[in-house]
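Here the structure is laid out as structure tokens; the discussion comes afterwards.
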Amino acid sequence: MRRPPVVTIMGHVDHGKTTLLDAIRNTNIAAHEVGGITQHIGAYKIKTNNGEISFIDTPGHEAFTAMRARGAMITDIVVLIIAADDGVMPQTIEAINHAKVANVPIIVCINKIDLPDANSDRIRQSVANYGLIDERWGGDTIFCEVSARQKKGIDNLLEMILLQAEMLDLSCSLGTKARGVVIEARIDKGLGPVGTVIVQDGILKIRNTFIVGNQVGRVRAMIDDMRRRLNEAYPSTPVEILGFSETPEVGEKFLVVDKDAINKYLKEKSLHVVSFETPKISLETLRKRIEEGEIKELPIIIKGDTTGSCEALADALKKIEISDVKINILHYYAGSILEQDIMLAKASGGIIIGFHIKPDAKIKQIAEREGVKIYIYDVIYAAIEEIEKAAKGMLEPILKEEVIGRVVVRKIFRIEKKQIAGCFVEGGRVEIGAKARVIRDGKNVLEAGISSLKRFKEDVSIVRAGFECGIGLASNEEIKIGDILEVFLLVKEQRT
């Protein structure tokens, strides 16, 4: 069965999104039928002469990608709004990247065409650089021109949305148990936890038992965007639901289940049998996945101290030539690494490069939680070299120090002009082939490899705490009685 499309409007903050949403709401036949009172529940459905359309009114593309990063495929079509008097802005490019990562078709809506300095063709030329080419220019992207303020071109935009939906052949099943996605959540003082859900399949009914995350609930009430209480909700319908035991997470799956299936589902979820996670990626996992033929593209987000440095790094990375692997720069901007960058990286399976900047503690925590790797560089060639080596499967491991013992020098001997330190192992162990850092008066005065290790006159490979030994270092520098030897190994650790 066909279902109405679910649409998200994205674009730069000052390009008229709110005005366009208001203009679209005013075309709603159903709203006029019931008196036009609407309630903001994060989404709404409108009825046109040719069909219904559901719009998600997100606070920005960050929320859109946060849902996508959690595996929630909600949006069928993105309407990208661009002001005819302004053009492509940084947030416009971000919106394009977010939509492309989600593999969602884009309709370009050129707004403010009523202004005297409006230039629609300039907009078409600008967005063509990002792969959005007008059908009239031989591309496959639908372009619409509107004046949201004057409510011109709105009907044509809605018609194009329905045309795109028809080409997508959006379908659903009414015979299955209802499922959907949480798109907004809040605590109401009188009602308790409230979640807005878009139904994707099946018919959601009052008193249905459902699972969201690890909580089980029962639908006590459903309210639409016109404050009507519903007994059932069909696919692509946004509804506020009462019946949660706690506030659900945005992007969580909403599943109606039989009572006897609840324990089985929760057990599977705890065992990670049911998983909506996107694969985590690092330079090392990238190398492995390239070797195994799993990955054909490395998405990268670049944030830096200046636009010029970001652009220079982006251009250099794009020139890396590797067979079967494409370096895809999602976007690059001057400024701090933000949560929206992390969510985009997670959604795309990409990484973030910080150039001459460092993430703060909160961003590090979010990145760790979401499984996104952030790499910090101060030299452009270091970034290029590491990305190139990773993509070619040649990433060099990091050498890390592992302190294994502490030794105090008690005597000095000379054997065949070589200096031997008579030592007592205070803690840990000493190994032949390890390195020793000589500490004198609290300062590091020498670092050298352990070339010989003896117990009495016998060569040995290891001496543990509580025993005496003779140590020879691969250095001509003099060792003194009372020196402390900090013994350590250089351990190879693969970069991640």
Quiz item: Which condition breaks for THR176 when tested against (1) more than 21 Å from ARG3 (Cα to Cα); (2) free of Cβ contacts under 8 Å to residues at least 40 places away in the same chain; (3) surrounded by fewer than 17 Cβ atoms within 10 Å (Cβ to Cβ); (4) in contact with a Gly (Cβ under 7 Å, 6 or more places away or on another chain)?
Solution: (1)
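Filter segment 239-259 for residues that are hydrophobic (A, V, I, L, M, F, W, C) and not in a strand (DSSP E or B); which is farthest from MET343 (Cα to Cα)?
Applying the filter and picking the extreme gives VAL257.
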Quiz prompt | Top-ranked residue of segment 374-384 - restricted to ones that are buried (at least 17 other Cβ atoms within 10 Å of the Cβ) and modelled with pLDDT of 90 or more, ranked as farthest from PRO299 (Cα to Cα) | solution = TYR377
Practice problem: Pairs only if they're at least six apart or on different chains, beta carbon under 6 angstrom, first in segment 40-55 and under 20 Å from MET222 (Cβ atoms) and assigned to a loop (DSSP other than H, G, I, E, B), second modelled with pLDDT of 90 or more and among the hydroxyl-bearing types (Ser, Thr, Tyr); list them, first residue then second. | Solution: ILE41/THR196; GLY42/THR196
Quiz item: Give me the pairs: first residue in segment 86-97 and assigned by the TED database to the domain that holds PRO116, second residue of a type in the set (Gly, Ala, Ser) and at pLDDT 85 or above, beta-carbon distance under 6 Å, and six or more apart or on different chains, which are they?
Solution: GLY87/SER126; VAL88/SER126
Exercise. Collect the residues in segment 80-100 that are in a helix (DSSP H, G or I) and either farther than 18 Å from THR8 by Cβ or of a type in the set (S, T, N, Q) (or both), keeping them in residue-number order.
Key: PRO90, GLN91, THR92, ASN97
Quiz item: Which of the residues spanning segment 195-210 are surrounded by 18 or more Cβ atoms within 10 Å (Cβ to Cβ) and more than 19 Å from LYS45 (Cα to Cα)?
Solution: ASN208, PHE210
Quiz item: Pairs, please: C-beta under 6 Å, at least 6 apart or cross-chain, first residue surrounded by 16 or more Cβ atoms within 10 Å (Cβ to Cβ) and in segment 420-438, second among the hydroxyl-bearing types (Ser, Thr, Tyr) and not in a strand (DSSP E or B)?
Solution: ILE432/SER461
Quiz prompt | From LEU132, LEU174, residue being in contact with a helix residue (DSSP H, G or I) (Cβ under 8 Å, 6 or more places away or on another chain) and either farther than 30 Å from PHE210 by Cα or of a type outside the set (Gly, Ala, Ser) (or both) | solution = LEU132
Practice problem: Name every residue in segment 225-262 that is under 23 Å from PHE55 (Cα atoms), acidic (Asp, Glu) and either without any contact (Cβ under 8 Å) to a residue 60 or more places away in the chain or in contact with a Ser or Thr (Cβ under 7 Å, 6 or more places away or on another chain) (or both), in order of residue number. | Solution: ASP225, GLU232, GLU240
Quiz item: Quick check: anything in segment 183-203 at pLDDT below 90 and either in the same structural domain as LYS17 (by the TED database) or touching a Lys or Arg at 6+ places or on another chain (Cβ under 8 Å) (or both)?
Solution: no
Exercise. Return yes when SER236 is part of a loop (DSSP other than H, G, I, E, B), modelled with pLDDT of 85 or more and crowded, with 17+ Cβ neighbours inside 10 Å and no when it is not.
Key: yes
Practice problem: May I ask you to list the residues in segment 442-496 that are closer than 14 Å to ARG414 by Cα, touching a residue at least 60 places away in the same chain (Cβ under 8 Å) and either buried (at least 18 other Cβ atoms within 10 Å of the Cβ) or in contact with a His (Cβ under 9 Å, 6 or more places away or on another chain) (or both)? | Solution: ILE471, ILE479
Quiz item: Hey, GLN91 hits all of (1) modelled with pLDDT of 90 or more; (2) surrounded by fewer than 20 Cβ atoms within 10 Å (Cβ to Cβ); (3) under 22 Å from GLY42 (Cα atoms) but one; which does it fall short on?
Solution: (1)
Quiz item: Any residue in segment 130-148 that is hydroxyl-bearing (Ser, Thr, Tyr) and not assigned by the TED database to the domain that holds ALA83?
Solution: no
Quiz prompt | Residue ranges of helices (runs of 4 or more DSSP H) in segment 332-413 with at least 3 members basic (Lys, Arg) | solution = 361-370
Quiz prompt | segment 131-142, residues that are outside any strand (DSSP E or B) and free of Cβ contacts under 8 Å to residues at least 40 places away in the same chain | solution = GLY131, ILE133, GLU135, ARG136, TRP137, GLY138, GLY139, ASP140
Quiz item: Which members of segment 174-184 meet the condition of being over 17 Å from ASP224 (Cβ atoms) and not β-branched (Val, Ile, Thr)?
Solution: LEU174, GLY175, LYS177, ARG179
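The values are calculated or read from the model by the stated rules, or taken from the named source; none is laboratory data. These numbers come from a predicted model, not from an experiment. Because the Cβ atoms are built from the backbone with ideal geometry, glycine has one as well, and the counts that use them run over all protein chains shown.
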